1. Per 5 Å bin from zero, what fraction in whole % of the C-alpha pairs of the stretch A:32-163 is there, up to the bin with the longest pair?
2. Counting pairs of alpha carbon atoms under 8 Å apart in space and at least six apart in sequence, what relative contact order in percent does the stretch A:63-173 give?
3. What does the convex hull of the Cα atoms of the protein assembly as shown come to per residue, in Å³, rounded to a whole number?
4. Helix A:154-166: angle to the longest alpha-carbon principal axis of chain A, degrees 0 to 90, nearest 10?
5. Can you compute the charge dipole magnitude of the stretch B:46-181 about its Cα centre, using +1 on each Lys and Arg Cβ and -1 on each Asp and Glu Cβ, nothing else charged? Give it in debye, rounded to the nearest 20.
6. Just how large is the dipole of the stretch B:3-235 about the Cα centre, in debye to the nearest 20, putting +1 at every Lys and Arg Cβ and -1 at every Asp and Glu Cβ?
7. Any idea what % of Cα-Cα pairs in chain A are farther than 26 Å?
8. Express the relative contact order of the stretch B:3-235 as a whole percentage, based on alpha carbon pairs under 8 Å and six or more residues apart in sequence.
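The values are calculated or read from the model by the stated rules, or taken from the named source; none is laboratory data. Here the structure is a predicted model, which is why all the values come from computation and not from measurement. Every residue, glycine among them, receives a Cβ derived from its backbone with ideal geometry; neighbour counts consider all protein chains shown. Heavy atoms of the whole protein, side chains included, go into the accessibility calculation; ligands, DNA and RNA do not. Shrake-Rupley method; radii C 1.70, N 1.55, O 1.52, S 1.80 Å.
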Amino acid sequence: MQSQETPTLKAEARNLNFFYGQMQALKKINMPVYDKKVTALIGPSGCGKSTYLRSFNRMHDLYPGNRYEGEIRNTNLLAADVDPIEVRMRVGMVFQKPNPFPKSIFENVAYGLRVRGENNRRVLDDKVERALRDAAIWEEVKDRLPEQAPNLSGGQQQRLCIARALATDPELLLFDEPTSALDPIATAAIEELIHDLKKRVTILIVTHNMQQAARVSDYTAYMFLGEMIEFGKTDEIFIKPKDKRTEDYITGRMG
Amino acid sequence: MSENVHLSSQFDEDLGRLRSNVLQMGGLVETQVMAAIEAYKTGDMTRVKNIIEAEHTVNDLEKAIDDDCAHLIARRQPAASDLRLVFGIIKIVTDLERIGDEAKKIAKGVRRICEAGQLPSDYGAGVRHIAEAALGMVRESLDAFARLDSAMAEAVIRADVDVDTEFKSIVRQLVTHMMEDQRTITTSIDILSIARAVERIGDHAKNIAEHVVFIVDGRDIRHQGKDKKANEESRA
């Protein structure tokens with residue numbers, strides 16, 4: 001059962017268009033992102049869900065020719081006058097393949113803090129431990145913090161990447177298919193973690209696994225050909241979607 | 001329900017087979033009710049026997065369909081309309097099985113009356129009349145399921161009120177009858193249990209129709225009348 005209270009808004013896409021050069025990848029996206037909720041973005045490959053996700057941390061700014069129209073409104077987070085570097089501090093991201101830096105476990109997590117200019121050893125120790133605990137990997141790595149991160153297992157690497165994203169205390173976490181390279185056990189660990197993390201951060205997750213979207217999210221958005229077809233409570237989307245295209249996608253029918 | 005086919009043709013086949021098994025079970029139960037009405041009219045003992053024997057087949061079908069549903073959920077994780085269909089079918093077969101049970105109760109009641117050397121049809125046309133109405137409800141709820149037609153299902157739900165009203169009037173008649181002539185008490189009680197079984201058949205048909213509305217529209221319309229009444233009473 002879901003509670004009836006209306007969640008507070010964390011961010012909101014308003015008429016968001018996005019272009020890779022001439023190619024329009026997002027078409028007039030309107031969608032709320034609710035605070036401390038998990039929102040899953042689903043849709044077939046090439047529908048724009050990753051593009052949309054990456055608009056939230058301004059990753060597209062890194063490449064020339066990319067262009068936005070419309071806006072992602074947000075409580076002081078993504079205003080145009082905010083420095084993209086600052087945005088990325090407050091919006092963490094985790095990718096499909098775990099991508100630890102070729103550094104020690106400790107330095108991976110401390111990295112974002114050091115970039116921010118934090119070099120006090122006690123502060124770093126504290127924050128690294130907390131991030132590793134929050135990412136549910138502390139017990140596994142506490143005795144091997146100086147070891148090279150790439151030596152960890154895939155599932156551990158992914159949780160380390162989550163710890164790295166958490167270390168800078170983000171308000172929003174973006175997951176881009178975080179478990180598609182992991183086995184079911186490691187996947188379950190990440191899903192459990194997502195469930196715990198939403199007590200304090202807002203989470204957007206792109207997934208190709210519909211059952212995963214159904215398991216972990218509070219809200220689900222179905223995208224197709226760059227458009228937001230349907231957004232709603234996950235319970236409603238998976239039992240009674242309003243749009244026939246959503247229905248066909250989640251039931252595995254040919255459109 | 002989408003008319004598009006699944007990417008997995010196996011999934012389409014599984015769902016199609018599930019639906020046709022439900023309709024097969026429905027047809028069987030409908031025949032049981034029809035035979036029960038005939039037995040009531042004519043006192044035909046072979047029909048009574050057939051109804052009682054058909055119960056095993058109905059029970060086996062119920063188990064087989066439930067089992068198919070469990071497998072389908074485990075293997076396919078159905079969502080949206082597929083999920084509603086499977087969920088609805090699990091509930092529909094329970095109601096169908098109960099309708100079969102009620103038909104059996106009617107048959108046994110008829111047998112008791114006949115064994116006492118009487119004919120149930122001597123006790124007025126009331127029961128026969130609601131029995132036909134209940135049978136119509138069963139038939140139409142199954143049609144509504146076959147066609148996934150929620151408007152048709154809602155007509156079945158409305159029809160249940162008439163069956164309930166008529167049942168009450170039959171009860172009143174029988175009570176009068178028994179007061180007038182105490183020798184009729186034993187048979188009247190049997191007639192009463194038959195009428196009760198018929199009324200229950202109407203209720204189960206109504207339930208099936210409610211499941212059909214859920215399958216088609218995703219609306220849960222059960223207990224609305226009662227809840228509304230309870231709300232009004234608590235407010236008053």
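1. Distribution as computed: 2, 9, 16, 19, 18, 16, 12, 7, 2, 0 percent.
2. Working: 126 pairs, mean separation 44.8, N = 111.
Over the stretch A:63-173, the number comes to 40 percent.
3. Values: hull volume 95.7 nm³, N = 491.
Cα convex hull per residue, to the nearest whole number: 195 Å³.
4. Roughly 90 degrees, rounded to the nearest 10.
5. Values: 19 positive and 25 negative charges, 34 e Å.
The dipole magnitude comes to about 160 debye.
6. Values: 32 positive and 41 negative charges, 94 e Å.
With Lys and Arg at +1 and Asp and Glu at -1, about 460 debye.
7. The proportion of pairs with Cα distances above 26 Å equals 40 percent.
8. Relative contact order of the stretch B:3-235: 25 percent.
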